[in-house]
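The values are calculated or read from the model by the stated rules, or taken from the named source; none is laboratory data. These figures come from a predicted structure and were not determined experimentally. With ideal geometry, Cβ positions are generated from the backbone for all residues, glycine too; neighbour counts draw on all protein chains shown.
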Amino acid sequence: MTVENKHRADNKTLREFYEATGSKGVLWIDHRTGRIVELPVESRIRRGEGGCQLCHQDLDGTEKHGRLQFDERRLPRLIFGPGEAICDECLEWVRLLDYHAENGSVATPRFEEGDLVLRAATEEIYEVLDSKLSGISTAGVWFPTYTCQRIEIRPGTGKILPACMGLLFEIPDCELQPLPPRYAISTSRLHKLGHRHRSVDLVGGTPDRQQAVTADIRTNPTPMLPDHRPVLLLGKRGGP
Ligand SMILES: [Zn+2]
């Protein structure tokens, strides 16, 4: 077997592995509650035929073409040129995987449903509607993305209004930051929704043990924004 053939066979094995295992969970200790939480990690490599070569969804004419390879870390890389089609969202996913693999993942979602966030590049304000982890947990690379609605804060009253006709945007964690204090928000908005992560009891769940974990983990640094920003192609989802 030549090196090229061997590489092709490895690629096929990995691809089938990801298709078969689908999305896997990742565990960590939540720094706010001290509890172990589990969230599923959504991979875009899905079983199927036709359409986009990763997710197999129908193409809309904006797709690119290229050849998918897996590197030594088992992460997908796209070599542009002749090859099968890949949709915009999968292309962005591959780029984010590459970015987080190089720069260290911001694995813990920093924002929750109802949080107001600032998009660093544009100074636009968004409300987080939903969050999910994306990536490949078996390769140890994952990152939070948020489904957001763009909003505006009315000066004076602090009232929040939807902007952009209520369009929804999917934005990765590294693009967002907490809303700075200079934005005046009406106080009713400061009420947070409950913590939605599902807790997993791995240690028997006595109150003493949980406090021990809590004390330990609260000294951990909070996730930081990356030093430089990646070049991203951000698609928008949904519509009016
Ligand atoms: Zn796709």
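If SER105 satisfies every condition in (1) in contact with a Leu (Cβ under 9 Å, 6 or more places away or on another chain); (2) part of a loop (DSSP other than H, G, I, E, B); (3) within 17 Å of GLU42 (Cβ to Cβ) but one, which is the exception?
Every listed condition holds for SER105 apart from (1).
How many of the residues in region 49-66 are on the phi > 0 side of the Ramachandran plot and within 11 Å of the ligand (Cβ to nearest atom)?
Counting residues in region 49-66 that are on the phi > 0 side of the Ramachandran plot and within 11 Å of the ligand (Cβ to nearest atom) gives 2.
Condition check: of a type in the set (S, T, N, Q) and modelled with pLDDT under 90. Does SER134 satisfy that?
Details: of a type in the set (S, T, N, Q): yes; modelled with pLDDT under 90: no.
No: the conditions fail for SER134.
With (1) on the phi > 0 side of the Ramachandran plot; (2) surrounded by fewer than 20 Cβ atoms within 10 Å (Cβ to Cβ) as the list, and LEU129 as the residue in question, which single condition is left unmet?
Single failed check for LEU129: (1).
Tell me which strands (runs of 3 or more DSSP E) are completely within region 1-98 and hold 3 or more residues being touching a Gly at 6+ places or on another chain (Cβ under 8 Å) and surrounded by fewer than 16 Cβ atoms within 10 Å (Cβ to Cβ), or say none if there are none. Please lay out each step first, then the result.
Working: elements: 24-29, 36-42, 64-70, 76-80, 84-86.
Here the list is empty.
Give me a count of the residues in region 67-93 that are more than 16 Å from the ligand (Cβ to nearest atom) and touching a residue at least 40 places away in the same chain (Cβ under 8 Å). So that I can check it myself, show each step before the final result.
Here is the first cut: in region 67-93, the residues more than 16 Å from the ligand (Cβ to nearest atom) are 69-75, 79, 81-82.
Now drop any that are not touching a residue at least 40 places away in the same chain (Cβ under 8 Å), which leaves 69-70, 73-75.
Going through region 67-93 one residue at a time, the tally reaches 5.
Only one of GLU112, GLU19, GLU42, GLU102 is without any contact (Cβ under 8 Å) to a residue 12 or more places away in the chain, of a type in the set (D, E, K, R) and at negative phi. Can you tell me which? Break it down into steps so the answer makes sense when it comes.
Values: GLU112 fails: without any contact (Cβ under 8 Å) to a residue 12 or more places away in the chain; GLU19 fails: without any contact (Cβ under 8 Å) to a residue 12 or more places away in the chain; GLU42 fails: without any contact (Cβ under 8 Å) to a residue 12 or more places away in the chain.
Just one listed residue meets the conditions, GLU102.
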